Amino acid sequence: MTPDFPKKLRSYRTQKHILQINIKVMKRAAVLFISVLLLFMISGCNNSGSSASADSAAIKTDSSTSKADSSGGSTAGFKLGVQMWTFRKFSFSDALDKVDSTGIKNIEAFFEQKLGGGMKGAFGTEMSEATRDQLKQLLQKKGIQAVAMGVIGPKNKAEWIKSFELAKDLGLSYITAEPIKTQWDMVDSLAGAYGIPVAIHDHPKPNMYWSPDSVLAAIQGHPHIGSCADIGHWTRNGLNPVDCLRKLQGHIIGVHFKDVVQFNNPLANDTVVSKGVIDIPAVLTELKRQNFKGMLSIEHESNWYHNLPDVNFTKNYYDSLVAKLQ
């Protein structure tokens, strides 16, 4: 043994002790690191699970909403009618006979249709009191209700008042019209006073009401003005009728029920409902979703002298779709 051995031994023991301490510290640090890492991973997994659960719930909610949108609502307020323009080649009296033969019990009259049936003149504000009485008796006899009239465009307040007086006398639910912009306030005021709303109709371009946006502009601030949704003209204007109906939700008073042969062509011809380019089931489903309560007036502007079978076909098709939507 060398003289400096004890010193070396003490140094060795000291280094060994320090090493043991360092090992213990490292072990504790490793355990702490692993614990923190595990805690982070567990926390991350929990957060991931919550996020997935929230996303699933959102998808489920969206799916449920979508299902409700397509199948909710009611058709109880639907009322099928005929726009008398369909039979414009005939007198009012003869046209009413045609409507009666279909079993449809509601009509939308139009100005200037010759009355016939022993009645003088044409339908409009100039009918005498006696003629109006004859007209009402004819409607009552057939059990047919005049629900609306139009499309009208009175030039001034006096003409509008005459129109509202006629609508009141006949017990109409609304007036279909295309008032000029400067008349909006006046028309809304009269509609409120008479308790008869005005439904703005959309004709093809370049008509000022070709888009639902322009109809909404007229409705803004005018609670007694709404929409007469002509789904055929929207299609002619290159617009999706269902999208238009959604835009006007809560403002649709009446509908002109028709089909056309071509999209985005203002001159596209009418065809029998279900034979054209309009998705009629989607239209009725959307109206059902909105709980629409009003008249869908069949307006068939084709095959003018022989279109009664077309109207019958449309009625039967409509009835079958509504039955499926119940």
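The values are calculated or read from the model by the stated rules, or taken from the named source; none is laboratory data. Quantities reported herein were computed from a predicted structural model and do not represent experimental measurements. Don't worry about glycine lacking a Cβ; one is built from the backbone with ideal geometry, like all the others, and counts go over all protein chains shown. Heads up: the accessible areas ignore ligands, DNA and RNA and are worked out on the full protein's heavy atoms, side chains in. Shrake-Rupley method; radii C 1.70, N 1.55, O 1.52, S 1.80 Å.
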Pop out the ³J(HN,Hα) list for the range 178-193 in order, Karplus 6.51 cos²θ - 1.76 cosθ + 1.60 with θ = phi - 60°, rounded to Hz; leave Gly and Pro as x.
9, x, 6, 4, 5, 9, 3, 4, 5, 5, 4, 5, 5, 4, x, 5
Is there a quick way to get the dipole size of the range 79-165? I mean about its Cα centre, with the Cβ of Lys and Arg at +1 and of Asp and Glu at -1; what is the value in debye to the nearest 20?
120
What are the residues whose amide H is under 5 Å from the amide H of residue 174, where those residues sit 5 or more places off or on another chain and H is modelled from the backbone?
149
Extension gain (nm, one decimal) between residue 76 and residue 304, 0.36 nm per residue minus Cα-Cα
78.9 nm
Sites residue 94 and residue 319 - FRET efficiency at Förster radius 25 Å, r taken between beta-carbons, to 0.05
0.55
Residue 157 neighbourhood, Cβ < 14 Å, K/R = +1, D/E = -1, net charge -2
Convert each backbone phi in the range 209-225 into a coupling constant with the Karplus relation 6.51 cos²θ - 1.76 cosθ + 1.60 (shift: θ = phi - 60°), then list the ³J(HN,Hα) values in order as whole Hz, x for Gly and Pro.
9, 5, 10, x, 4, 6, 5, 4, 4, 6, 6, 3, x, 10, x, 9, 10
In Å², and per residue, what accessible area does the range 190-319 have when probed at 1.4 Å with the other protein chains present?
39
From the Cα gyration tensor of the range 230-326, with a ≥ b ≥ c the square roots of its eigenvalues, which class applies: rounded if a/c is under 1.5, or else prolate if a/b is larger than b/c, or else oblate?
oblate
What FRET efficiency comes out for residue 137 versus residue 291 if R0 is 35 angstrom and r is the Cβ-Cβ distance? Round to the nearest 0.05.
0.50
Once the Cα gyration tensor of the range 151-296 is diagonalised, what are the square roots of 5 times its eigenvalues, in whole Å and ordered largest first, as equivalent ellipsoid semi-axes?
26, 16, 14
Give me, ordered by chain and number, the residues 5 or more places off residue 230 or on other chains with an amide H under 5 Å from its own placed amide H.
202, 256
Take each of the peptides 209-216, 180-187, average the number of other beta-carbon atoms within 10 Å over its residues, and list them starting from the highest.
209-216, 180-187
